[in-house]
Amino acid sequence: MNSQPVVKETKGLIAWMIISIVWGTTYLAIRVGVEDLPPLLFAGMRWIAAGSILLVFLRLRSFTLPDKNSFFHLSMSGLLLLGAANGLVVVGEQWVPSGLAALLITTTPFWMVGMESFIPGGIKINLKVIAGLLTGFAGVILILFHDFDDLNAPGYLSGIVAIFFAVIFWAAGTLYSKHRKTNVHPLMGAAVQMCVAGIAQFTLGSLIGEFSELHYTRESFYSLLYLIIIGSLLGYTAYIYSLNKLPISFVSTYAYINPLIAVYLGWLFLDEKLNLFILLGSIITLAGVKLVRDGGKPKLIYAKRM
């Protein structure tokens, strides 16, 4: 009996466990970081550092750099996924609790379904998808409006809007990546995406004067270091590995675990709200996400994480 497939599957499961846990903690790290660091410079430094480390490592291992055409498509997807989407998450978490941000991001499949339905050969809306959209929408409404006092908090509405557009950009970037394939190794593609997105964020942050707000604290430094090493390098590498060893339908279930971890950590360390309405809204939203995912198979593919 050949034990090799079992070993590979076991390693794949370990990688899946890593992304399920690690990516749920990144929302807390972002929330801590933006307490002291301006959002775009903070995000830009994360991706530039992680991308550069990964790029140097891959080049030392003789991985091939992308050609001009591949570089263009990787840059576009990187700007959408990491530059715009992740950047807006960081901006939004200046005012929005980390757990709430994670819960709102789980609605990404709703936007993917809507966008891909307009693409020739894309998914067709069916009853299961419609039921999922309505269920998820009800869950989000319950989460957002469980406490009307939050709506009057300074910047809260701006943060919600930022997260809202982050979800749209993430959906657009994922679909762009799906329909613009490259022949570059996935890790090399990730390194290019990180570097391009980080440079764009850092440049924009510099132009709007964020350097005047830049001052490190011990907490912000450790949060940045955590996002570079654990959130980006370890998390993304584990994600790529798990995709190569396990079915994507199983790997994608990390999206049900991340927000639960984020909500719990926000409550535990940052005293963020956690009550029956939030828990109920979370369950309803995740149920809607599952319906949409099931209704969108097999054509709809859910790719990378913020």
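Every number here is computed from the coordinates shown, using simple stated rules; none is lab data. As the structure is a prediction and not an experimental result, all values here were calculated from the model. Because the Cβ atoms are built from the backbone with ideal geometry, glycine has one as well, and the counts that use them run over all protein chains shown.
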- [ ] May I ask you to derive the FRET efficiency for GLU35 and PHE277 from their Cβ-Cβ distance with R0 = 22 Å, giving the value to the nearest 0.05?
- [x] 0.25
Task: Cα-projected label distance for PHE269 with ALA131, points at 7 Å along beta-carbon direction, nm - done: 3.9
Task: Sorted by Cβ density within 10 Å, fewest first, the residues SER232, SER77, SER252 - done: SER252, SER232, SER77
TODO: For the chain, list log₁₀ I(q)/I(0) at each q in 0.09, 0.11 Å⁻¹, using the Debye formula over Cα point scatterers of equal strength and ignoring solvent, two decimals each.
DONE: -0.43, -0.66
- [ ] Would you mind computing, in nm to one decimal, how far apart the modelled labels at LEU234 and PHE250 are, each placed 7 Å from Cα along Cα→Cβ?
- [x] 2.3
- [ ] Please tell me the relative contact order of the chain in percent, rounded to the nearest whole number, where contacts are Cα pairs under 8 Å and at least six residues apart.
- [x] 44
Task: Which of HIS179, HIS73 has the fewest Cβ neighbours within 10 Å, and the rest in rising order - done: HIS179, HIS73
Open item on the list: As a footprinting exposure proxy, order SER282, SER62 by other Cβ within 10 Å, with the fewest listed first.
Closed with: SER62, SER282
